[in-house]
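Participant: I have a structure I would like to understand better, so I am pasting it below and will then ask my questions one at a time.
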Protein chains: 4
Amino acid sequence: MCRWIAYSGTPILLSQVLFQPEHSLIDQSLHSRMGVETTNGDGFGIGWYTPDTDTPAVLRDVGPAWNNRNLLEVSHHVRSGLFFAHIRASTGTAVQQTNCHPFRSGRWMWMHNGAISEFHRLRRDLALAVDPALYPDIEGSTDSELMFFLALTFGLREDPPGAVARMAGLIEKAGHAHGVPNPLQMTIAVADGDRVWTFRYSSEGRSRSLFYSTRVDTLRALHPDAAFLRDISEETRLVVSEPLGTLPGVWNEVPESSYGIVQPGGDVLRTFRPALQGDPA
Amino acid sequence: MCRWIAYSGTPILLSQVLFQPEHSLIDQSLHSRMGVETTNGDGFGIGWYTPDTDTPAVLRDVGPAWNNRNLLEVSHHVRSGLFFAHIRASTGTAVQQTNCHPFRSGRWMWMHNGAISEFHRLRRDLALAVDPALYPDIEGSTDSELMFFLALTFGLREDPPGAVARMAGLIEKAGHAHGVPNPLQMTIAVADGDRVWTFRYSSEGRSRSLFYSTRVDTLRALHPDAAFLRDISEETRLVVSEPLGTLPGVWNEVPESSYGIVQPGGDVLRTFRPALQGDPA
Amino acid sequence: MCRWIAYSGTPILLSQVLFQPEHSLIDQSLHSRMGVETTNGDGFGIGWYTPDTDTPAVLRDVGPAWNNRNLLEVSHHVRSGLFFAHIRASTGTAVQQTNCHPFRSGRWMWMHNGAISEFHRLRRDLALAVDPALYPDIEGSTDSELMFFLALTFGLREDPPGAVARMAGLIEKAGHAHGVPNPLQMTIAVADGDRVWTFRYSSEGRSRSLFYSTRVDTLRALHPDAAFLRDISEETRLVVSEPLGTLPGVWNEVPESSYGIVQPGGDVLRTFRPALQGDPA
Amino acid sequence: MCRWIAYSGTPILLSQVLFQPEHSLIDQSLHSRMGVETTNGDGFGIGWYTPDTDTPAVLRDVGPAWNNRNLLEVSHHVRSGLFFAHIRASTGTAVQQTNCHPFRSGRWMWMHNGAISEFHRLRRDLALAVDPALYPDIEGSTDSELMFFLALTFGLREDPPGAVARMAGLIEKAGHAHGVPNPLQMTIAVADGDRVWTFRYSSEGRSRSLFYSTRVDTLRALHPDAAFLRDISEETRLVVSEPLGTLPGVWNEVPESSYGIVQPGGDVLRTFRPALQGDPA
């Protein structure tokens, strides 16, 4: 399993989120509290949008995040208003850059925590469902990358919640066809540079942890002395696998089987339900 | 493209073949003379059999062979009577351990120099032809690994020349279906711990270079002063992408469209022709 | 801090010690119980002697041991009767191959767990004490490598216990000169291919954990059903940072301020005391 | 030996200099024309200044530049008005991140092509000349890093040309004391975020190649159709180990034994001569 962070809001140095908090993602790479594995040392990745390039930049490497100097350097010198970070604990697949998150396609980025149960048995069926025009671009061997390709196949660019629902539906259908009881376990973040969609779902209804930060104006009222809160816009939002600290009132659990959209003009939180491809939207 | 070496014969330290010769494989990683690329610095691998384990050991890494200390260490301390070595020049696919040769399945090892033309377009069709029971074990993204899985699918363990012929036939058929004029370019080595099969073939009839060493008894007559030749058995044989030196009489070109078997009791050299799966053997 | 294992005895596959035990070194890399850090993921190394080469082979890499495929491969295919293994948790110095243990000089290997307190302040004085003929061979930036060079300077090849005592004496003297209260914390293993010396010492008298295995004949009497014990010679011995399992009677703590010699003909355990260079032996 | 580039001028994406030119630094990593080695695949580094951080960011890695995806990503997404890039061909020292250029101290960056002759013999004497307060920060094992520490010791922050002259003088003095005929061979770039100093010197008077770009206003007159020249300021300047292309009039050889300063308000080019520490400035 893994841990991840999605940030959207006032442009900041990545290090302010990745390194500075008490229980930062870097700390979680050594001492995760809520993850299935306490150590997440099988590679990492960050992806960030900048105003003057079409695609997000993605930096990934195979060693642990906690001792990687390039991650430290880039985090302390790059500023972004929308970025992802992910630390990996392999469930068996190779530790290689192409298995590290986030994955990218054009302007879109994707990262995942969780697993497809008995992926080894389902892998071929799921790969066959990928659009043949996209199939050749699969570079790694993870369930997570394949989920991204399935979502792209099912219309991620036009309708992210619908595409992820169809992806989940297909995985559950394939799993059940192979006699796998609870095929899917996932928290997902996906972005297009303007908005971030996050999903929390599992077939068994006991999904990996996911939290979102409270509205900044509410936090300012709660913590009038917190200098940090004065420097960030009201629309700033974090979604994280586990809280970055213990300040009261900051972190809220994302409900089971739901998805949220972080976007200019007002975030939303809705119910998530897998769909089959022929289902009405 | 790539360069490779297959050794079979008297057990020796790997370094005697990999490092000591004038134009050794390590030298070829910096200054290949006959390769499509002069630099082969996108990863390397060695695989060796030992008397007391069932499977060959495989050591692979993503950096260049010429500066890798672990390769230097292992080569100078491991002795084997049957080993492979490969240096890689990527034609675009990711530089990662799972894309490095040799590939292994049980007792079998495989390495390749060459390419499937327009692999990007053929990849999915070829992947679908892999035995569904084997498909989940594909870890990398190269044409070379996929060729190995196709050969395994087509009976490599029972009939190596037949399986490789059917693999080549399928690739050419898939290529022609997609309008690719010369789909296949290959030199291949495959071993099971007792024998080594090597193949030289290309759809266009202009295959990558491949050489085999002269019989040791003939070499001894030619070079009575060469101490090295006294220490190795008459059955010792090397097959290489390009000669390791300029000693006259040592290196013989493998003919176009042929395959050889290095084995106890007498090596053989035969014509190679792609086959379709339904063809009579 | 770090964890390590030294094995001497019947030649075995390295994996039998590194991977198979319940709380193997690989398990300790993720979940150390007695180390200062629970995670030891900042590089690893193994070194092994073989009958037919003068020097030990050393394989080291910068990633975690738990996911390294080359470590897995070599451990499952290389057999040795005297080998070291080490997993590293950096105390700040760079994660690079030249900072990984074991270190080697000719036939000698060295590995260390512990630290020189405030090494940053003492480093130059200690480096100046290294034999000028050896100084240019320092490749890394750790206290551990510098300790090896000091021991070599002080006669490690002729008198290992004396050289390590003089090394410890110098470090304590340098530390006290800089006002460092407890300059040295160490468990060390050093070998020359025939014998293994292990040391446990700290200036404060509270040294890192170190254990040695019980004599094999005693263990056989204790555990008559343990098949493993029948296959190894009576002289087989393990010295480890923490026990590899919970079988009663197997593991004995090395006493504070002592050193042992594992050697043919009878192991010894003696008191260790730092010495100054002019001290009588 | 190595190859490097220093850019100062209009902020641009790093890729415009590192990847786009016909004979870019990335192309030089595979096919250097003027270097001692044609392949520069033993690590690389980039360092760039941004308006809103005190120190430059440094990204370094041990593999070849030509296949490194993180270099590709960062170069295509980071914009800077003052940056360095370096590709390394090791002359024997370890291939590790701490041996990759550029080196950094606070706001200062340093990179080097060349070598100290018989560095192995001079290393200790030179290390002893480093300010004891700086010595503990030496992390690697190269002559290049040690030259940086010597220059810092001799006042780089206050007087770069004087400090580099004293560094060169000390190296030549140490070399001659050890009977080394031509101790120093160097092209160096050093920056503080506002200015870039470049040096070309060798004891034998046959220094490695170094070129600077022609003034932008002159180039515009020469190449009125070159769109690229319209987008960059008149003060933009490149200093490179070898020309990035063949456009006439663009590249000028830096004279033997000279140094230049690229700075706002007008660049300068002056004679360089090693100095001994007591010399009058």
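The values are calculated or read from the model by the stated rules, or taken from the named source; none is laboratory data. Since the structure is predicted, the reported quantities are computational estimates derived from the model, not experimental observations. When we count neighbours, we look across all protein chains shown, and the Cβ atoms used for this are built from the backbone with ideal geometry, even at glycine. Only protein heavy atoms, including side chains, enter the accessible area calculation; ligands, DNA and RNA are left aside. Shrake-Rupley method; radii C 1.70, N 1.55, O 1.52, S 1.80 Å.
Participant: When the dipole is taken about the Cα centre of the protein assembly as shown, and only Lys, Arg (+1) and Asp, Glu (-1) are charged at their Cβ, what size is it in debye, to the nearest 20? Don't jump to the answer; show the numbers that get you there.
Facilitator: Values: 96 positive and 124 negative charges, 0 e Å.
With only Lys, Arg, Asp and Glu charged at Cβ, the dipole is about 0 debye.
Participant: Checking an interface number: how much accessible area is buried between D and A, summed over both chains, with a 1.4 Å probe, in Å² rounded to 100?
Facilitator: Values: alone 12380 and 12400 Å², together 22910 Å².
Rounded to the nearest hundred, the buried surface is 1900 Å².
Participant: Give the angle, between 0 and 90 degrees and rounded to the nearest 10, that separates the Cα long axis of helix D:143-153 from the longest principal axis of the Cα atoms of chain D.
Facilitator: The angle comes out at about 80 degrees.
Participant: Pull up the cross-link candidates among the aspartates and glutamates for C:Lys173, meaning alpha carbon to alpha carbon under 12 Å and not fewer than 8 places away within one chain.
Facilitator: Counting by Cα, and skipping residues close in sequence, C:Lys173 has these aspartates and glutamates nearby: C:Asp125.
Participant: Excluding ligands, DNA and RNA, what is the solvent-accessible area per residue of chain B at a probe of 1.4 Å, expressed in Å²?
Facilitator: On a per-residue basis, chain B sits at 36 Å².
Participant: May I pose another question? Please work out the Kirkwood hydrodynamic radius for segment A:58-104, using every pair of different C-alpha atoms, and report it in angstroms with one decimal place.
Facilitator: 11.8 Å
Participant: Return the inverse of the average 1/r over all pairs of distinct C-alpha atoms in the protein assembly as shown, which is the Kirkwood hydrodynamic radius, in Å to one decimal.
Facilitator: After inverting the pairwise mean of 1/r, the radius is 31.9 Å.
Participant: Roughly how large, in nm² to one decimal, is the mean projection of the convex hull of the alpha-carbon atoms in chain C? All intermediate terms of the calculation are to be shown ahead of the outcome.
Facilitator: Values: hull surface 55.8 nm².
Mean projected area for chain C: 13.9 nm², to one decimal.
Participant: Further question: Distances from C:Gly205 to the same position in the other copies: list them in nm, one decimal, shortest first, using label points 7 Å from Cα along Cα→Cβ.
Facilitator: The answer, with the shortest distance listed first, is 6.2, 7.0, 8.9 nm.
Participant: Still on this structure: Under a Cβ-only charge scheme (Lys and Arg +1, Asp and Glu -1), can you give me the dipole magnitude of segment A:3-271 about the Cα centre, in debye to the nearest 20?
Facilitator: 260 debye
Participant: List the residues whose amide H sits under 5 Å from the amide H of A:Glu242, counting only those 5 or more places along or on another chain, with H placed 1.01 Å from N in the peptide plane.
Facilitator: A:Trp4
Participant: Moving on. Taking +1 at the Cβ of each Lys and Arg and -1 at the Cβ of each Asp and Glu, which of C:Phe199, C:Leu152, C:Ser213 sits farthest along the dipole of segment C:56-215 towards its positive end, judged by Cα position relative to the Cα centre?
Facilitator: C:Ser213
Participant: In chain D, which residue puts its Cβ closest to the axis that turns chain D onto chain C, and how many whole Å away is it?
Facilitator: Here the value is D:Gln96, 2.
Participant: Output, in nm with one decimal and in ascending order, the distances from the D:Asp217 label point to the matching label points of the other copies (7 Å from Cα along Cα-to-Cβ).
Facilitator: Computed spacing set for this position: 5.5, 8.5, 9.6 nm.
Participant: Continuing with this model, one more query. Compute the acute angle (0 to 90°) between the alpha-carbon long axis of helix D:119-128 and the principal axis of greatest extent of the alpha-carbon atoms of chain D; round to the nearest 10°.
Facilitator: Between the helix axis and the principal axis of chain D, the angle is about 80 degrees.
Participant: How far is the Cα center of segment C:4-38 from the Cα center of segment D:138-199, in Å?
Facilitator: After rounding, the separation between the Cα centres reads 46 Å.
Participant: When the accessible area of segment C:1-90 is split by element with a 1.4 Å probe, what percent falls to carbon and sulfur?
Facilitator: 52 percent
Participant: Next question, about the same structure. State to the nearest 20 debye the size of the charge dipole of segment D:1-133 about its Cα centre, where the only charges are +1 on K and R beta carbons and -1 on D and E beta carbons.
Facilitator: Details: 11 positive and 11 negative charges, 26 e Å.
In total the dipole reaches around 120 debye.
Participant: In addition: List, by residue number, every residue in segment D:91-123 with a reduction of 10 Å² or greater in accessible area between the chain on its own and the complete protein assembly, 1.4 Å probe.
Facilitator: For segment D:91-123, once contacts with the other chains are taken into account, D:Ala94, D:Val95, D:Gln96, D:Gln97, D:Thr98, D:Arg104, D:His120, D:Arg123 lose 10 Å² or more.
Participant: Could you go through segment D:108-114 in sequence order and give the Karplus-derived ³J(HN,Hα) for each residue, using 6.51 cos²θ - 1.76 cosθ + 1.60 with θ = phi - 60°, rounded to whole Hz, and x for Gly and Pro?
Facilitator: 9, 10, 9, 9, 8, 10, x
Participant: In nm, what does the list of distances from B:Ser233 to its counterparts in the other copies look like, shortest first, when each label sits 7 Å along Cα to Cβ?
Facilitator: From this label point to the equivalent ones elsewhere in the assembly: 2.8, 7.4, 7.5 nm.
Participant: Let me ask something additional. In segment D:124-151, what residues drop by 40 Å² or more in accessible surface going from the chain by itself to the full protein assembly, probe 1.4 Å?
Facilitator: Residues meeting the cut-off: D:Arg124, D:Leu128, D:Tyr135, D:Pro136, D:Glu139.
Participant: Could you give the angle, 0 to 90 degrees to the nearest 10, between helix C:160-177's Cα long axis and the longest principal axis of the Cα atoms of chain C?
Facilitator: 40 degrees
Participant: Let me ask something else about it. Can you give me the C-alpha center-to-center distance between segment C:39-104 and segment C:223-266, rounded to a whole angstrom?
Facilitator: 21 Å
Participant: Related question: Would you calculate a helix-derived [θ] at 222 nm for the protein assembly as shown, using -39,500 (n - 2.57) for each DSSP H run of n ≥ 4 and dividing by the full residue count, to the nearest 500? Don't jump to the answer; show the numbers that get you there.
Facilitator: Working: 32 runs with 280 residues, N = 1124.
Result for the protein assembly as shown: -7000 deg cm²/dmol, rounded to the nearest 500.
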